[in-house]
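Engineer: Pasting in a structure now, in structure tokens, and then I'll have a few things to ask.
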Amino acid sequence: MNHDGYDDWYDYVASRPYVTGDHWTTAVSDALGVPQPAEAPAPRVVGVDVADGISTTELAWSVGYGPELHAWFLHPDGVDPSTLPGVLDLHCHAGIKSIGAERLLPGPVGKAYQDLYEDGVAFAAMLASRGVAVLAPDAFSWGSRRFDFSEAQGQVAEQALLLRAAGVDESEMYDGQAKLHEHLVAKRAGAIGTSYAGMIAHDDLTSLAVLRSLVGGPLGVTGFSGGGGRAATLSALDGDIAKVSVVAMMATNDSLVPDHLDCHSWLLNTPWRHRVLDVPDIAANRRNQALHVVYCEQDDLFPMDGMKAADARLTELFAGGPGTYEGVFVPGPHGVSRRTHEIVANFLTS
């Protein structure tokens, strides 16, 4: 036994069929091996805070295996969220597993990340201030759903010894171990008939169900980088999301092979997915949503020719409707500037 908080993971996956539905739901689910969530989530309230006119409720629920998933539900204070549209705000990867959705919230926990990648903006709070209800959830292997390394053995334990010998601070130790551990988790996922991306999609489906139970208006989903990939995947699996905004996470498969594989995580590198599903096609899926994609012109994770090809493919797919596509190219490297935050917020709240 691994004693890492996920001793029941294998039995859970073995007991669950893949998610099924229409052509796109089934195709994406089969490609990623997405287990059907066992039951409707029953969130409990962990705590409530009100600051700067925004009410933030921390929720937690079981997803059927492993530790509880925690999420933060934000909306204008004094407004009934059941009267509002909802946005699922999905955190990125960034090589930081010690925290998940807290990087999208105000406060000290996510500040270092926000200063590094998001121009100091706590985007979930920014969105909520625009009059929508926002759910920012952790996902499989991040934050509340992270693996426990306290009894780590084998490669992860050896990695800890190397990191300490190299002088890595204990506060940074978890994320150093998690970089190696993700490869082991992906291997374990594949061995039991799922994938790393498939398990994250499973968690995101439970978060979408929670948001749907809390709001009364149409739903949107957004994310930066790995969160943008999660948003596109979720829209393909669910099919009833009105607005999808993907930030700095779009290019064609062919443009990423082979030179842009190592810089991406297992979220984008599911074996065989490249053979059957291109990234723009996943994002377009039924072509009945409003799709918004932001491309960073100096993004070193995605080549410009791949981004332009994706933009052309999405324009082609959405020609004639019924949905809409807007691609926006912004100057700068892989990250989210304050101006980009404004662009995304305007799209999601218009």
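The values are calculated or read from the model by the stated rules, or taken from the named source; none is laboratory data. In this text, all values refer to a predicted model and were calculated from it rather than measured experimentally. All Cβ positions, glycine included, derive from the backbone under ideal geometry; neighbour counts span all protein chains shown.
Engineer: When you go through T315, T340 one by one, which is the residue that is within 29 Å of Q114 (Cβ to Cβ), in a helix (DSSP H, G or I), of a type outside the set (A, V, I, L, M, F, W, C) and touching a strand residue (DSSP E or B) at 6+ places or on another chain (Cβ under 8 Å)?
Structural biologist: Values: T315 fails: within 29 Å of Q114 (Cβ to Cβ).
On inspection, the qualifying residue turns out to be T340.
Engineer: For residues that are among the aromatic types (F, W, Y) and out of contact with any strand residue (DSSP E or B) (no Cβ under 8 Å at 6 or more places or on another chain), tally how many sit in region 217-275.
Structural biologist: The first filter runs over region 217-275 and keeps only residues among the aromatic types (F, W, Y), leaving 224, 266, 272.
Checking which are out of contact with any strand residue (DSSP E or B) (no Cβ under 8 Å at 6 or more places or on another chain) leaves us with 266, 272.
Adding up the residues that qualify gives 2.
Engineer: Take the conditions buried (at least 24 other Cβ atoms within 10 Å of the Cβ), assigned to a strand (DSSP E or B) and modelled with pLDDT of 95 or more and apply them to S245. Does it pass? Let's see the steps before the verdict.
Structural biologist: Details: buried (at least 24 other Cβ atoms within 10 Å of the Cβ): yes; assigned to a strand (DSSP E or B): yes; modelled with pLDDT of 95 or more: yes.
In short, yes.
Engineer: Under 9 Å by Cβ, and 6 or more places apart or on different chains, what pairs join a residue from region 154-173 that is over 25 Å from Y113 (Cα atoms) and of a type outside the set (D, E) with one that is at pLDDT 75 or above and part of a helix (DSSP H, G or I)?
Structural biologist: Cβ pairs passing all conditions: G154/L184; Q155/L180; Q155/H181; Q155/H183; Q155/L184; A157/Q177.
Engineer: So is T206 in contact (Cβ under 8 Å) with a residue 24 or more places away in the chain, surrounded by fewer than 24 Cβ atoms within 10 Å (Cβ to Cβ), in a helix (DSSP H, G or I) and in contact with a strand residue (DSSP E or B) (Cβ under 8 Å, 6 or more places away or on another chain) or not?
Structural biologist: Values: in contact (Cβ under 8 Å) with a residue 24 or more places away in the chain: yes; surrounded by fewer than 24 Cβ atoms within 10 Å (Cβ to Cβ): yes; in a helix (DSSP H, G or I): yes; in contact with a strand residue (DSSP E or B) (Cβ under 8 Å, 6 or more places away or on another chain): yes.
For T206, the condition - in contact (Cβ under 8 Å) with a residue 24 or more places away in the chain, surrounded by fewer than 24 Cβ atoms within 10 Å (Cβ to Cβ), in a helix (DSSP H, G or I) and in contact with a strand residue (DSSP E or B) (Cβ under 8 Å, 6 or more places away or on another chain) - is met.
Engineer: Return the residues of region 72-102 that are among the charged types (D, E, K, R), within 14 Å of L127 (Cα to Cα) and crowded, with 21+ Cβ neighbours inside 10 Å; say none if nothing qualifies.
Structural biologist: To start, the set of residues in region 72-102 that are among the charged types (D, E, K, R) comprises 77, 80, 89, 97, 102.
With the extra rule that they be within 14 Å of L127 (Cα to Cα), the set shrinks to 77, 89.
Matches in region 72-102: D89 only.
Engineer: Right, another one. Suppose we keep only residues that are of a type in the set (F, W, Y) and modelled with pLDDT of 90 or more within region 251-304. Which one would you say is surrounded by the most Cβ atoms within 10 Å (Cβ to Cβ)?
Structural biologist: The first filter runs over region 251-304 and keeps only residues of a type in the set (F, W, Y), leaving 266, 272, 295, 302.
Imposing the further condition that a residue be modelled with pLDDT of 90 or more reduces the set to 295, 302.
On the way: Y295: 22, F302: 24.
Per the stated criteria, the residue is F302.
Engineer: Moving to a separate point now. Scanning for something assigned to a helix (DSSP H, G or I), touching a Pro at 6+ places or on another chain (Cβ under 7 Å) and touching a residue at least 24 places away in the same chain (Cβ under 8 Å), does region 300-310 turn up at least one residue? Steps first, please.
Structural biologist: We begin by selecting, within region 300-310, every residue assigned to a helix (DSSP H, G or I); these are 304-310.
Cutting the leftovers down to touching a Pro at 6+ places or on another chain (Cβ under 7 Å) gives us 310.
Subset that is touching a residue at least 24 places away in the same chain (Cβ under 8 Å): 310.
Yes, region 300-310 contains at least one residue that is assigned to a helix (DSSP H, G or I), touching a Pro at 6+ places or on another chain (Cβ under 7 Å) and touching a residue at least 24 places away in the same chain (Cβ under 8 Å).
Engineer: Let me ask something else about it. Output the residues belonging to region 121-135 that are farther than 21 Å from G216 by Cβ, touching a residue at least 60 places away in the same chain (Cβ under 8 Å) and either in contact with a helix residue (DSSP H, G or I) (Cβ under 7 Å, 6 or more places away or on another chain) or among the basic types (K, R) (or both).
Structural biologist: Selection gives V121, F123, M126.
Engineer: Those residues that are surrounded by fewer than 18 Cβ atoms within 10 Å (Cβ to Cβ), out of contact with any Phe, Trp or Tyr (no Cβ under 7 Å at 6 or more places or on another chain) and closer than 13 Å to G198 by Cα, I need them from region 21-33; list them, please. Spell out how you get there, then give the answer.
Structural biologist: Step one: filter region 21-33 for residues surrounded by fewer than 18 Cβ atoms within 10 Å (Cβ to Cβ), giving 21-23, 26, 30.
The next check asks that each one be out of contact with any Phe, Trp or Tyr (no Cβ under 7 Å at 6 or more places or on another chain); those that pass are 21-23, 26.
Selection gives T26 alone.
Engineer: Residue by residue through region 160-179, note down the ones that are within 18 Å of G5 (Cβ to Cβ) and either surrounded by 17 or more Cβ atoms within 10 Å (Cβ to Cβ) or of a type in the set (D, E) (or both).
Structural biologist: The answer is A160, Y174, D175, Q177, A178.
Engineer: Another question, then. Kindly list, by first and then second residue, each pair from a residue in region 249-272 that is aromatic (F, W, Y) to a residue that is assigned to a loop (DSSP other than H, G, I, E, B) and crowded, with 20+ Cβ neighbours inside 10 Å, limited to pairs with Cβ atoms under 9 Å and residues at least 6 apart or on different chains.
Structural biologist: What qualifies is W266/S195.
Engineer: Where in region 91-181 are the helices (runs of 4 or more DSSP H), entirely inside, with at least 3 residues that are within 23 Å of D203 (Cβ to Cβ) and among the small types (G, A, S)?
Structural biologist: Details: elements: 111-117, 123-128, 154-165.
By residue number, 123-128.
Engineer: Something else about it: Please work out which one of (1) closer than 23 Å to A60 by Cα; (2) in contact with a Pro (Cβ under 7 Å, 6 or more places away or on another chain); (3) outside any helix (DSSP H, G or I) is the condition T222 fails and give its number.
Structural biologist: Evaluating T222 over (1) closer than 23 Å to A60 by Cα; (2) in contact with a Pro (Cβ under 7 Å, 6 or more places away or on another chain); (3) outside any helix (DSSP H, G or I) leaves (2) as the failure.
Engineer: Also, quick follow-up: Could you grab me the full set of residues in region 329-350 that are within 25 Å of G131 (Cβ to Cβ) and surrounded by fewer than 15 Cβ atoms within 10 Å (Cβ to Cβ)? It would help to see each step written out before you state the result.
Structural biologist: We begin by selecting, within region 329-350, every residue within 25 Å of G131 (Cβ to Cβ); these are 330, 336-350.
Matches in region 329-350: R338, R339, E342, N346, S350.
Engineer: Also, I was wondering about something else. Are there any pairs with C-beta distances below 9 angstrom linking a residue in region 214-226 that is under 26 Å from L267 (Cβ atoms) to a residue that is assigned to a strand (DSSP E or B) and of a type in the set (D, E), with the two at least 6 apart or on different chains, and if so which?
Structural biologist: V221/D89; T222/D89; G223/D89
Engineer: Determine whether K187 is part of a helix (DSSP H, G or I), more than 30 Å from T25 (Cβ to Cβ) and out of contact with any helix residue (DSSP H, G or I) (no Cβ under 6 Å at 6 or more places or on another chain).
Structural biologist: On the way: part of a helix (DSSP H, G or I): yes; more than 30 Å from T25 (Cβ to Cβ): no; out of contact with any helix residue (DSSP H, G or I) (no Cβ under 6 Å at 6 or more places or on another chain): yes.
It is false that K187 is part of a helix (DSSP H, G or I), more than 30 Å from T25 (Cβ to Cβ) and out of contact with any helix residue (DSSP H, G or I) (no Cβ under 6 Å at 6 or more places or on another chain).
Engineer: Please go through region 268-290 and pick out each residue that is in contact with a Leu (Cβ under 9 Å, 6 or more places away or on another chain), farther than 17 Å from L301 by Cβ and not in a loop (DSSP other than H, G, I, E, B).
Structural biologist: Listed by number, the residues that qualify are R273, D281, A284.
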